[in-house]
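Scroll down for the structure; my scribbles are underneath it.
The values are calculated or read from the model by the stated rules, or taken from the named source; none is laboratory data. All of these numbers come straight from a predicted model, not from anything done at the bench. Ideal geometry is used to build each Cβ from the backbone, glycine not excepted, and the neighbour counts take in all protein chains shown. Ligands, DNA and RNA are excluded from the accessible area calculation, which covers all protein heavy atoms including side chains. Shrake-Rupley method; radii C 1.70, N 1.55, O 1.52, S 1.80 Å.
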Amino acid sequence: MQALRFHEFGGFDKLNVETLPDPQPKPDELVVRIRAASLNPSDAKNVLGRMEGTTLPCTPGRDFAGVVVNGPRQIVGMEVWGTGGDVGFARDGAYAELLVVPVDGVRRKPKNLSFEEAAAAGTNFVTAWIGLIETAHVQSGETVLVTGAKGGVGSAVTQIAKWKGGRTIGVDRSPMSPQRQTEFAIDHFLISDPTENYKSMVDGARQLTGGKGANVAFDCVGGPLFEPSLRTLGQLGRQVNITSVDNRRVSFDLLDFYHRRLSLFGVDSRSYDTVACAAILEQLTPGFESRALKPIPIVKRFTLNDAVQAFTQVSDGTLHGKAVFTF
């Protein structure tokens, strides 16, 4: 089989397409013939040596969709999707023609999604689900504010929140078209303007909630937006953080924090392996099949031979949407 490999950390020139023996599964494993695998910033950071727990040499790639070609007889031929914080890090990943994962590490692909769409959903929607449902325990009728709402995780959060009966406020640094707001299930949209210390974002959230503040702030940006996000919350508000751009050290008013009885949560989807993620994908499937949930649009398709170009564009942020490897 053909697989994308790197034997040492460094630039993307460390990536090479290699010919490897076809994998042979253990009794509790299966083999998926990959039809599509999406690219995430964490996949690029992995090659650069900025992630932990990677076993070298390594085939990267977290998110995949394909067909079971070896494993339990009853599921051979099944179209499946999967993702996991171990795939492409502690075990070989999805940028290969064949992938070995635990039998419980995949689920049947939603019927209405193509292989590319299913592959594009994995990490984004799993991270959103962990933060919003399993951690913040959002309830129907609550207001969820999301920073980085144009991005993969941000758009997944607003869609899941709306699907579960919530109200949504999207925040980003540049305007979003009304059509895209509808696609991403955003009820109201605010601009994050650093020139005024994000006052319009905080005041806008307060106005949109009748002065009460949001119930949940899902901060997909961190850094400069960490404290402004906290300021949008009302009493007993919960904030979820998944990353921090620019500055990893932040500060906030601790007296204000405890007077409003706020809660702060950190979420790292890397701690969820393929089996744990498969259980989440199963819960997401009805949302995709009812079309309440939609993957972020795919803007570019690559082959493994385009790996250096693909990783470079994902890493430098020039792609505004999802990129996938197709097989």
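Does F226 qualify as being in contact with a Lys or Arg (Cβ under 7 Å, 6 or more places away or on another chain), more than 17 Å from G170 (Cβ to Cβ) and not aliphatic (A, V, I, L, M)? First the steps, then the outcome.
Values: in contact with a Lys or Arg (Cβ under 7 Å, 6 or more places away or on another chain): no; more than 17 Å from G170 (Cβ to Cβ): yes; not aliphatic (A, V, I, L, M): yes.
No: the conditions fail for F226.
Taking the stated definitions as given, is V202 open to solvent by 10 Å² or more (accessible area, probe 1.4 Å) and part of a loop (DSSP other than H, G, I, E, B)? So V202 does not fit the description; no.
Name every residue in the stretch 167-187 that is surrounded by 12 or more Cβ atoms within 10 Å (Cβ to Cβ), more than 21 Å from E227 (Cβ to Cβ) and not β-branched (V, I, T), in order of residue number. Can you show your working first?
Restricting attention to the stretch 167-187, the residues satisfying the condition of being surrounded by 12 or more Cβ atoms within 10 Å (Cβ to Cβ) are 167-173, 176, 180-181, 183-187.
Checking which are more than 21 Å from E227 (Cβ to Cβ) leaves us with 167-168, 176, 180-181, 183-187.
Correct list: R167, M176, R180, Q181, E183, F184, A185, D187.
Within the stretch 94-148, which residues are among the hydroxyl-bearing types (S, T, Y) and either surrounded by fewer than 20 Cβ atoms within 10 Å (Cβ to Cβ) or assigned to a helix (DSSP H, G or I) (or both)? Across the stretch 94-148, the qualifying residues are S114, T123, T127, T135, S140.
Tally up the residues in the stretch 24-81 that are outside any helix (DSSP H, G or I) and more than 26 Å from K14 (Cα to Cα), please. Please lay out each step first, then the result.
Let us first name the residues in the stretch 24-81 that are outside any helix (DSSP H, G or I), namely 24-40, 49-72, 76-81.
Next cut, more than 26 Å from K14 (Cα to Cα) only: 24-31, 66-72, 76-81.
Number of matching residues: 21.
State all residues of the stretch 151-165 that are part of a loop (DSSP other than H, G, I, E, B) and either free of Cβ contacts under 8 Å to residues at least 40 places away in the same chain or surrounded by 24 or more Cβ atoms within 10 Å (Cβ to Cβ) (or both); if no residue qualifies, say none. Before you say what the answer is, go through the steps one by one.
Quick first cut of the stretch 151-165, residues part of a loop (DSSP other than H, G, I, E, B) only: 151, 164-165.
Correct list: K164, G165.
Which ones in the stretch 288-320 are surrounded by 14 or more Cβ atoms within 10 Å (Cβ to Cβ), under 16 Å from the mean Cα position of the chain (by Cα) and not in a strand (DSSP E or B)? Residues satisfying the conditions are F288, L293, K294, P295, I296, V314, S315, L319. In the stretch 111-136, the residues that are closer than 23 Å to T168 by Cβ reach residues that are buried (at least 24 other Cβ atoms within 10 Å of the Cβ) and of a type in the set (D, E) with C-beta atoms within less than 6 angstrom, at least six apart or across chains, in these pairs: G122/D63; T123/D63.
Candidates A36, A3: the one that is touching a strand residue (DSSP E or B) at 6+ places or on another chain (Cβ under 8 Å), closer than 25 Å to P297 by Cα and modelled with pLDDT of 95 or more is A36.
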